[in-house]
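A.B. asks: Below are the structure tokens for one structure; questions will follow.
The values are calculated or read from the model by the stated rules, or taken from the named source; none is laboratory data. Please read all numbers here as calculations on a predicted model, not as lab measurements. Methodologically, a virtual Cβ is constructed for each residue, glycine included, from the backbone with ideal geometry; neighbour enumeration extends over all protein chains shown. What goes into the accessible areas is simple: the full protein's heavy atoms, side chains included, and nothing from ligands, DNA or RNA. Shrake-Rupley method; radii C 1.70, N 1.55, O 1.52, S 1.80 Å.
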Amino acid sequence: MVEFFKNVPKISYEGPDSDNPLAFKHYDADAVIEGRPMREHLRFSVAYWHAFCGTGADPFGEAARQLPWQAGDPMETARNKVVACFEFCEKLGLDFYCAHDNDLAPEGATLAESWRNLDAIVPRLKEAQQHTGVRLLWGTANCFSHPRFMHGAGTSCNADVFAYAAAKIAKAMEITRELGGQGYVFWGGREGYKSLLNTDMRRELDHLARLMHMAVDYKEKIGFQGQFFIEPKPKEPTKHQYDSDAAACHAFLLRHGLVDHFKLNIEANHATLAGHTLHHELEYAAANGLFGSIDANRGDLLLGWDTDQFPLDLYDATFAMLAVLRAGGFTAGGLNFDAHVHRESFEPIDLVYAHIGAMDAMARGLKIAAAIRADGRLDDFLENRYASWNSGIGARIEAGDVGFDELKNYMLERGEAAPNESGRVEMLENLVNQYFR
Ligand code: XUL
Ligand code: CO
């Protein structure tokens, strides 16, 4: 059997005192937290595109990564990537992978040829899944890389391009069903605009909604049981992307009668590009019944683009896992490492270190979040902060029993409103810090 990650053993949990760079210090897959093993809370996934397709090229530099699975023939490379992916997942203890159609097999000269290429790879993925127990978290179609999608896919000014995207999405959904994918993601890579001067926004949004409705109908038709996710991102490569953040996706779904069919796949670096935090986006999603999945990564404070670095920030991990636990945990979703190694980390072992660090960071975030919840003071504070709503005028407002007339009279009688609750922000931040040991 070919091995692509040579000299990499199965990575095991050795605990916080271990100095072994090839061991987990915090991710102990079977350790039970809040009644569930860590692996079920975290549902870690490798991103096929970054891990096995990314070359390390950037706008200023050529391919730099060593990719031992790369062969002269693109179909041989595709077959090798299947082996590399499952070897990697088994060694790291990653239970899931995520992929675009184009990650799995090369595009051919025609759509039919592209699909023949995919059809040759899918049985291999299926067999590897059966053999290893590693599963597909979500599938998706790449409707942004090829020049045909330069104006967008569902929002293209060209109707044939829309049709091409629809066909591609239909095929990617079929493959995702075939592989037992837990979900299917829509990331509208170029569903936005570079200039409003050439954009009919109303028409483009209506077209995008048509595409989504067709996908909903097709899902029913082919019997795909997985969850649909939309992945918000405000910009890059477009200047403005219609799915700019969780709230914009929500408004779009509501406006077009789609809200019952979708949840959100929140990506950390996309949240920060939108001027939010991952925590904010997760809370917004959960508050509106849209919490679904996470693309776990991070940006760089000093760089303004989607750097897709591995998530190592413990505060971010803690706040994300607090939000996940509060939302009741993942069902179809999980934590997909939509992240790539830095260009200068070009050896296969660097991908291993990157995942060990990120899995440990998220596991540590989970442990800290669970400890904060067990402590109870944060939740109690939150509950008490809104105590004025539990009785009296607050309860009557919440129940819809009063309107402006009653509130005018009420306030004229009382004369003044004086909040007597401090926000206690520093005390709560100290409480969180207490658990960073
Ligand atoms: C791009 C991005 C995508 C989606 C899937 O920023 O995050 O890789 O996750 O298309
Ligand atoms: Co992503």
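A.B. asks: Take the Cα atoms of segment 379-433, build their convex hull, and give its volume per residue in Å³.
C.D. replies: On the way: hull volume 4.9 nm³, N = 55.
Taking only Cα atoms, segment 379-433 has a hull volume of 89 Å³ per residue.
A.B. asks: Considering only Phe346, Phe186, Phe224, give the residue with the highest GNM mean-square fluctuation for the chain, with springs between Cα atoms whenever their separation is below 10 Å.
C.D. replies: Residue with maximal mean-square fluctuation among Phe346, Phe186, Phe224: Phe346.
A.B. asks: So with the 1.4 Å probe, I'd like the accessible area per residue for segment 379-433, rounded to whole Å². Could the numbers behind the result be given before it?
C.D. replies: Values: 4540 Å² over 55 residues.
With the other protein chains kept in place, segment 379-433 gives 83 Å² per residue.
A.B. asks: With equal scatterers on the alpha carbons only and no solvent term, can you work out the Debye log10 of I(q)/I(0) for segment 308-437 at 0.10, 0.15, 0.18, 0.20 1/Å?
C.D. replies: -0.55, -0.86, -1.02, -1.13
A.B. asks: Right, something else. Which of these, Ala163, Ala399, Ala339, has the largest mean-square fluctuation under a Gaussian network model of the chain (Cα springs below 10 Å)?
C.D. replies: Ala399
A.B. asks: Before anything else, pin down the relative contact order of the chain: Cα pairs under 8 Å, at least 6 apart, normalised by residue count, whole percent. Walk me through the intermediate numbers first.
C.D. replies: On the way: 702 pairs, mean separation 64.2, N = 437.
Result for the chain is 15 percent.
A.B. asks: Based on a Kirkwood Rh over C-alpha pairs, give the Stokes-Einstein translational diffusion coefficient of segment 1-151 at 20 °C and viscosity 1.002 mPa s in µm²/s.
C.D. replies: Details: Rh = 17.3 Å.
Using the Kirkwood radius from Cα pairs, D works out to 124 µm²/s.
A.B. asks: What do you get for the angle between helix 314-326 and the principal long axis of the chain? Use alpha-carbon atoms, 0 to 90 degrees, nearest ten.
C.D. replies: 70
A.B. asks: Taking the chain as the region of interest, what is the percent of Cα-Cα pairs per 10 angstrom bin, listed from the shortest bin to the one with the maximum distance?
C.D. replies: 4, 19, 29, 25, 14, 6, 2, 1, 0
A.B. asks: Let me ask something additional. GNM on the chain, C-alpha springs below 10 Å: top fluctuator among Arg298, Arg177, Arg414?
C.D. replies: Fluctuation is largest for Arg414.
A.B. asks: How big is segment 268-336 on each of its three principal axes, counting only the C-alpha atoms and giving the largest first in Å?
C.D. replies: Sorted from largest, the Cα extents of segment 268-336 read 34, 20, 20 Å.
A.B. asks: Going through the cross-link list Lys91/Lys263; Lys171/Lys219; Lys6/Lys81; Lys171/Lys235; Lys126/Lys263; Lys126/Lys171, which pairs have a Cα-Cα distance over 19 Å in this structure? Working shown, then result.
C.D. replies: Values: Lys91/Lys263 31 Å; Lys171/Lys219 11 Å; Lys6/Lys81 15 Å; Lys171/Lys235 27 Å; Lys126/Lys263 26 Å; Lys126/Lys171 16 Å.
Long pairs (Cα-Cα over 19 Å): Lys91/Lys263; Lys171/Lys235; Lys126/Lys263.
A.B. asks: What are the ³J(HN,Hα) values, in whole Hz, obtained from phi via the Karplus relation 6.51 cos²θ - 1.76 cosθ + 1.60 with θ = phi - 60°, for each residue of segment 371-381 in sequence order, with x given for Gly and Pro?
C.D. replies: Calculated HN-Hα couplings, in order: 5, 5, 5, 5, 4, x, 5, 5, 5, 4, 4 Hz.
A.B. asks: Counting other Cβ atoms within 10 Å, which GluC sites (Glu not before Pro) in segment 38-103 have at most 15 and lie in a DSSP loop? List each step's numbers first, then the result.
C.D. replies: Values: sites: Glu40, Glu62, Glu76, Glu87, Glu90; in loops: Glu62.
Here the sparse-neighbourhood loop sites are Glu62.
A.B. asks: In segment 1-92, what chymotrypsin sites (Phe, Trp or Tyr not before Pro) fall in a loop by DSSP, with at most 14 other Cβ atoms inside 10 Å?
C.D. replies: On the way: sites: Phe4, Phe5, Tyr13, Phe24, Tyr27, Phe44, Tyr48, Trp49, Phe52, Phe60, Trp69, Phe86, Phe88; in loops: Phe4, Phe5, Tyr27, Phe60, Trp69.
Hits after loop and neighbour filter: Phe60.
A.B. asks: Using helices alone, I'd like the mean residue ellipticity at 222 nm for the chain: each DSSP H run of four-plus residues gives -39500 (n - 2.57), total over residue count, nearest 500. Intermediate results must be reported in sequence, preceding the final value.
C.D. replies: On the way: 15 runs with 196 residues, N = 437.
Estimated from H runs of four or more residues: -14000 deg cm²/dmol.
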